[in-house]
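Values quoted throughout were computed directly from the atomic coordinates according to the rules given, and no laboratory measurement underlies them. Everything numeric in this text was worked out from a predicted model, so none of it was measured. Methodologically, a virtual Cβ is constructed for each residue, glycine included, from the backbone with ideal geometry; neighbour enumeration extends over all protein chains shown.
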Amino acid sequence: MAETETTKQKRPSVEDADVIIGREGRKYMLAADSATRVNQVTQAGAWQGFEPTTGNRFILYEQIGDLNPHISIPLTKLSLSLVKGIRFTSGDPKVPVDEELIKDFEAWSKEINFRSKLQTMTRLIVKNGTFVGKVEETKSATAEGGKVFDFQPVMMKYTTLLPKGVKPGDKPDTVLMPPIVTAYINEGDEKLQQQIKEDKLIYAAIFPYDKPFVDIYGRETYGIYGLSLLDAIHDTFMRYLDLVKGYTEYIRKYGVGRYFYNYSSLEEILKDGDIDTVKKLIAELRDTVQYIQENEDIVGCGFDIKNLDQSGTNIDIVNFKNSLETDIQVGLMQQPLTMGRAEGTTYASGYVSEADRLIVLEGLQEMIQDLVNKQIIDKRLVSMSKEPGLVKVVFEELSQPSIVFKDLLLAYEDGIIARKEIRTRAGLEGDVSDQDIMEGRELIFTVQQSAMGAVKSGDESNQDKDATGMEARKSSRLGTAMDEKTTPTAPKNQTRSN
C-alpha cells in the first residue's frame with residue numbers, strides 16, 4: 001500500500017518530538033506514545049482505592065505486594081534464597097586475604113544484622129525495581145562510645161532521584177538520565193524535605209534501561225528507576241481478585257445447602273389467574289421449609305426440589321483460577337511445584353523446570369551481589385580509609401549440588417579440598433584447633449589400644465597394619481594443622497580398599 005501525504009504528516013519524527021541530547025549526540029524521545037490502559041483500575045475484588053498506573057507506582061506496588069499469598073510468598077522466597085550463605089572474602093584473588101579485615105567485616109555483619117538487611121533489600125528491589133537507602137552511623141553495641149557503619153531503607157513512594165543539574169521542584173521537558181547525584185525524601189515540602197547526598201546514598205536498580213519511567217512528580221526518566229516484577233502481573237492479579245470475589249459470592253449464595261422448590265401443583269391455580277392465592281401459598285410453604293434442620297428428611301407432594309449449582313454452564317472456574325495463579329507465579333520466577341502444587345507434575349519435568357528457574361535466579365543473584373559490593377561494602381571500606389574492592393561479599397550458589405559427607409571425606413583424603421573447606425561444607429565451624437578436635441577422644445584411643453593388645457601374637461603383622469591405618473585416619477579425617485599446608489598421602493605399605 002502506497003504511503004499517502006496524509007500518512008506522512010501524521011507520523012511523528014524525532015525532530016518534532018520532545019527529545020534529550022545524550023552522549024555523542026544521541027537523541028532520546030519521550031515515551032508519550034506508550035501504551036496505556038483504557039480504564040484505570042482502582043477497584044478489584046473486595047478491595048478498592050488502588051493507585052492507578054498513571055500515578056505513584058510505588059504506592060501501587062506496596063498495595064498489591066501483600067494482598068495475596070501468590071504474590072507475597074514468592075517475594076519472600078526470593079528475598080530469603082537469593083542472599084543465602086553470606087560470606088566475606090578478598091576482593092582480588094591475586095591479593096592475599098587480609099584475615100583481620102575479614103574478621104572485622106564478619107563482626108560488623110553480626111552487629112548490624114547484615115543478613116536481615118540484605119533480605120529486606122532484596123525483597124524491596126524485586127517488588128519496586130529500585131532500592132534507596134541512607135548511610136547512618138549508629139552507636140556500637142560492642143565498642144564503648146564507638147560508631148558503626150549502618151544503613152536504612154527509605155520509602156520509595158516519597159523518594160525521588162535527581163541527576164546533576166536538576167534541582168528539587170524542577171520539571172524539565174527533557175528525559176532525566178544518570179548519573180544520579182542526590183536523592184530527596186518528600187521533595188518540595190519545605191518542612192519535611194530531606195536530602196541524601198551521593199556519599200550517603202545507597203542505590204540499586206534492576207534493568208533500569210528496560211523502559212522509561214515516570215517518577216512520582218511526573219518527570220520522564222530513563223536509566224534511573226528499575227523494573228519491578230509486579231508490572232508484568234498487575235493486570236492478571238486484578239482479574240484474579242475479581243474472580244476470587246465472584247466465586248466466593250457464588251459459593252455463599254448457591255453452594256451452602258441452597259435449594260429450588262418448584263411447586264408444580266400451584267400451576268393450575270396460576271393459570272386461572274388467581275395470583276394472590278399463589279403468593280399466599282408460596283409464602284406459607286417457604287415458612288415451612290426454612291426451618292428444616294441438618295439431616296432432616298423433606299416429606300411432601302406436588303413439588304420438586306433441585307440443588308442450585310453451576311450445572312448447565314460451560315464455565316470451568318477452578319481451571320481458570322489455576323491458570324491465573326500460574327501466570328502470577330511465573331511472573332515472580334516461581335513454578336507451581338515450588339508453590340506447593342505437585343499434581344500432574346513428574347519428577348523429571350519438575351527437575352528440569354527447577355534447574356532452569358535456578359539458572360535465571362542466579363543471574364538476578366549476581367546482579368544483587370554486585371550492587372551490594374559497590375553500594376555497601378565499598379562505602380564501608382572508604383569510611384575505614386581503605387581502598388574499595390579489598391573485601392567483597394559472596395552469596396551461596398543456588399544450584400550448588402548437595403554432596404554427602406562420605407564423598408567430602410574421600411575428596412579430603414585425596415587432597416582435593418582442605419580441612420577448613422570440608423568443615424564448612426558440612427555445616428561446621430571452619431577454623432578449629434587440633435586441641436579442640438582431639439578433646440574427649442582419649443577414652444576412645446585407650447579402648448582401641450586395649451583391643452589391639454588382645455590380638456593374638458600370630459596376627460602381629462595384621463595388628464601393625466591396623467595401627468598404621470588408624471594413625472593415617474587420625475591424621476587425615478580428624479585433621480591436623482599440617483593438613484592446610486601439605487597434601488595428605490597414604491603411609492608406607494598402606495592401600496585403601498573401596
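Things to note:
- Which listed pairs, of 134/245; 77/253; 191/245; 392/420, have C-alpha distances above 31 Å, in listed order: 134/245; 77/253; 191/245
- Gain in span if fully extended, residue 280 to residue 191, counting 0.36 nm per residue against the direct Cα distance: 25.0 nm
- Anisotropy class of segment 56-118 from Cα gyration tensor, a/c 1.5 cut: prolate
- Linear extension gain, residue 211 paired with residue 394, 0.36 nm per residue minus alpha-carbon span: 62.9 nm
- Dipole of segment 368-429, positive direction: furthest Cα of 394, 408, 424, with charges on the beta-carbon: 394
- A straight chain from residue 239 to residue 199 at 0.36 nm per residue would run longer than the Cα-Cα distance by 10.0 nm.
- Electrostatic bookkeeping for residue 375 treats Lys and Arg as +1 and Asp and Glu as -1; over the other residues with beta carbon under 13 Å from its beta carbon, the sum is +3.
- With the simple model of a label 7 Å out from the Cα in the direction of the Cβ, residue 438 to residue 265 spans 10.1 nm.
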